[in-house]
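The next block holds one structure in the form of structure tokens; read it before the comments.
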Amino acid sequence: MLIGHLALVAAALFTGAAIYVNVAEQPARLSLPDAPMLAQWQASYPRAATMQAGLALIGGVLGIAAYVMLGDWRWLLGAIVLLAAWPYTLIGIKPTNDALQVAQPSPEIRALVRKWGALHAGRSALGAVATLIELWALS
């Protein structure tokens, strides 16, 4: 059962990090003038992306391992939902990420940062759903 607990911890860490971005970092970023707001996003994003991608991958692999070892389909479902953060990011968020990474401060940039925050909330939701599924699997 340790593998299931580890999968849950990884999913919860992913979720916590994603929610932190939406409820703390993004509002703080948006309180800045345009140029510092963009500079903060450009400095923060690569670090956060590496951490969250790694947590999603680790949590997904652990969830799959829990499914294989314990035979409960809920672990597989939780892993799939958590791993869905990868294609969601690559398909849904990457165009906005790419635009922000090369952007220069402008009046339009605030709307793009807001759009990014709304898209990122989808990652928070995926993590929360995966965590809840894995909590269910532990019950």
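Values in this text are rule-based calculations from the coordinates and carry no lab data. None of these values were measured; they are calculated from a predicted model. Cβ atoms come from the backbone with ideal geometry, glycine included; neighbour counts cover every protein chain shown.
The table for this structure:
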{"quantity": "³J(HN,Hα) computed for each position of the stretch 28-42 - Karplus, 6.51 cos²θ - 1.76 cosθ + 1.60, integer Hz, glycine/proline x", "calculated": "5, 4, 5, 7, 8, x, 3, 5, x, 4, 5, 4, 5, 4, 5"}
{"quantity": "Nearest-20 debye value, the stretch 2-138 charge dipole, Cβ charges on Lys, Arg, Asp, Glu", "calculated": "140"}
{"quantity": "Overall form of the stretch 2-138 per C-alpha gyration tensor (a/c, 1.5; a/b vs b/c)", "calculated": "prolate"}
{"quantity": "The stretch 1-56: Cα Rg divided by the 2.2 N^0.38 Å rule of thumb", "calculated": "1.40"}
{"quantity": "Selection from Ile80, Leu32, Ala65, by position along the positive dipole direction of the stretch 2-138 (Cβ)", "calculated": "Leu32"}
